[in-house]
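A quick write-up on the structure given underneath.
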Amino acid sequence: MQIIYILWLRQIKRYFRSRARIVGSLGQPLLLLLALGFGFGPIYQKAGGGDYIQFLAPGIISMGILFTAVFSGIEIIWDKQFGFLKETLVAPVSRLKIMFGRTLGGGTVAVIQGIIIFIISLIIGFRPMSLRLLLLSFIFMALIALFFTALGTAIASVLKDMQGFQLIMNFLLMPLFFLSGALFPLQGLPKAITAVARINPLSYGVDGLRGTLVNGAHFGLLTDFLVLSIITIIILAIGSFLFSKIEI
């Protein structure tokens, strides 16, 4: 357990030491909240959707968690190149514990990022509908963070360098975000997009956050929780297997 705690703490310290990283990671969510929230807000309201900031904020929170979590997993590639990973893997502990320590650390950092964006949303004008359900939203934040940190770890375990990172950004993360219902409602969409949204794991994270924060769940909170829990366990198992196969 000690190695898990050490790696968990190291991930958190690495995050807080880089102020530029914290500020930079908040730029895109803040831009989307302001530009889309106030730009499309009047149109969304005229269409009968209500306050767009209320709808948008849970999606932007999930976006912040998504990118921070995947980047935390991808950091394995940097550790490979600079030798830290080799020093960690030769330690007399199981690779499973190392993977769990890194994943918990990355997931914690991603949840912190989500909380910061949540606070920014409150400043902009977002208001949670229920304080009781607000506590439940942190569970969904944690599930999103763990899933995508483990996904980032799985991807980084098979990549040799950062050359394929841009490919991952363009063909995996951005489609996951834009087709999750983070920016638009899932009701009344074409069947093809609806089908993609249903198999998109982030859709259930966004929906869970929207359900707990503004009572606007599309699939239902129980469905969101069960799907996220199951796929998180599966990706943790896959990530652990791939991480155990890393050659040093």
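Odds and ends about this structure:
- The lone exception for T68 - which of (1) within 27 Å of I235 (Cα to Cα); (2) modelled with pLDDT of 85 or more; (3) surrounded by fewer than 20 Cβ atoms within 10 Å (Cβ to Cβ) it fails: (3)
- Selection within the stretch 42-65 - modelled with pLDDT under 90 and touching a Pro at 6+ places or on another chain (Cβ under 9 Å): G49
- Some residue of the stretch 85-101 being buried (at least 21 other Cβ atoms within 10 Å of the Cβ) and either under 23 Å from P175 (Cβ atoms) or touching a Cys at 6+ places or on another chain (Cβ under 8 Å) (or both): no
- Residue count for the stretch 170-197, restricted to those that are without any contact (Cβ under 8 Å) to a residue 40 or more places away in the chain and assigned to a helix (DSSP H, G or I): 13.
- Test for F126: is it touching a Pro at 6+ places or on another chain (Cβ under 7 Å), at pLDDT 85 or above and crowded, with 23+ Cβ neighbours inside 10 Å: no
- Per-region count, the stretch 198-221, residues over 20 Å from I117 (Cβ atoms) and either hydroxyl-bearing (S, T, Y) or assigned to a helix (DSSP H, G or I) (or both): 3
- Test: residue in the stretch 195-213 that is small (G, A, S), farther than 26 Å from G125 by Cα and out of contact with any helix residue (DSSP H, G or I) (no Cβ under 8 Å at 6 or more places or on another chain): yes
- As a summary of the residue check, S240 satisfies the conditions (1) over 30 Å from I53 (Cα atoms); (2) modelled with pLDDT of 90 or more; (3) among the polar types (S, T, N, Q) except for the one numbered (2).
The values are calculated or read from the model by the stated rules, or taken from the named source; none is laboratory data. These numbers were taken from a predicted model, which means no experiment stands behind them. Cβ sites come from the backbone with ideal geometry, for glycine too, and all protein chains shown count toward neighbours.
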